[in-house]
1. Report yes if some residue within region 208-224 is in contact with a helix residue (DSSP H, G or I) (Cβ under 8 Å, 6 or more places away or on another chain), closer than 27 Å to residue 11 by Cα and β-branched (Val, Ile, Thr); otherwise report no.
2. Has region 175-194 got any residue that is acidic (Asp, Glu), in contact (Cβ under 8 Å) with a residue 12 or more places away in the chain, out of contact with any strand residue (DSSP E or B) (no Cβ under 9 Å at 6 or more places or on another chain) and not assigned by TED's automatic domain parsing to the domain that holds residue 33?
3. Go through the residues of region 126-134 one by one and say whether even a single one is surrounded by 17 or more Cβ atoms within 10 Å (Cβ to Cβ) and small (Gly, Ala, Ser).
4. Among the helices (runs of 4 or more DSSP H) lying completely within region 94-163, list those that include at least 1 residues that are within 28 Å of residue 67 (Cβ to Cβ) and of a type in the set (Val, Ile, Thr).
5. Please work out which residue is surrounded by the most Cβ atoms within 10 Å (Cβ to Cβ), limiting yourself to region 70-118 and to residues that are of a type in the set (Phe, Trp, Tyr) and touching a helix residue (DSSP H, G or I) at 6+ places or on another chain (Cβ under 9 Å).
6. Looking at 214, 244 in this structure, which one is assigned by TED's automatic domain parsing to the domain that holds residue 178 and closer than 28 Å to residue 140 by Cβ?
7. Would you check if residue 171 is touching an Asp or Glu at 6+ places or on another chain (Cβ under 6 Å), buried (at least 20 other Cβ atoms within 10 Å of the Cβ) and over 15 Å from residue 244 (Cβ atoms)?
8. Give me a count of the residues in region 78-93 that are more than 21 Å from the chain's Cα centre (by Cα) and assigned to a helix (DSSP H, G or I).
Amino acid sequence: MSIPEDSFDLTPFKVEVPKFSLIVYGRGMELPAFTLERSIINLRSQVIKTVPLPEMIFLESPYAEEGQVIAFINDENEMREFLDNAWSLGVRGDVMTCGNAKSKGDIAVHSFAGDLCEIRLSISLLNSILGGGKRDNRLSKELDFSDLSEFISMKSSEISQELPQFIISPVLYPSKYFLEKFTGKTVKGYFDVTFQDSNVIYTEVDAMPMRRIAFSLRKEGKKVKEVKINVDPLLAPIYLSLIAHYIKVG
């Protein structure tokens, strides 16, 4: 199964990351939100708080000053709720979206478009955080995706299409939305408790706990296929999202 030439247009967007103290994300925008969070923690050694949109609206902003916010929102209803909430409470910040919306109050909206928009936005955010360190330089080389086709083809062939469920590791959890969207299968995570026959997918850094899950499932008589995404942990959820897209179009 070959990869269509136009399947992966990963041209980065021009992204400038503004100053912020809180990351907020809506449905389907976990990948760019956590890519930004983890990039700043890993490459700039800064701890960043990241919360889902409902938590900010219902549990935080009415009771505490949020400071500068960067939000990742696509859904029109979520966008309206966020902008109205931010306007009424005087919250300042920016929204990055693959949809359409107008800026309101002290919230500036930045819109992006195109196939695989959320994945390209994630790549762009990581690219914008890179500095001059050793890991930064290694990531910069990996971001040219020169071996992408070969890697995606190889890893997708390791995934069993016969198994009804995926179990993904904590590092890979930001790719959950796209894995479900592109494959149509149930996706569980490390903290779930009920599992079926499954592909268990993990990275080098969180392999041990996922292998324990795979071992337990085999003891219960379930079918298990283990797949390791052996790339930098900051890139691993992006790669798994692309693998899911390849499974869909391939």
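The values are calculated or read from the model by the stated rules, or taken from the named source; none is laboratory data. Owing to the predicted nature of the structure, the values given are computational and were not obtained by experimental measurement. Here Cβ is always computed from backbone atoms with ideal geometry, including for glycine, and neighbour counts include all displayed protein chains.
1. Checking region 208-224: not a single residue is in contact with a helix residue (DSSP H, G or I) (Cβ under 8 Å, 6 or more places away or on another chain), closer than 27 Å to residue 11 by Cα and β-branched (Val, Ile, Thr).
2. no
3. no
4. Output list reads 117-129.
5. 72
6. After applying the criteria, what remains is 244.
7. Yes: the conditions hold for residue 171.
8. Here the count works out to 9.
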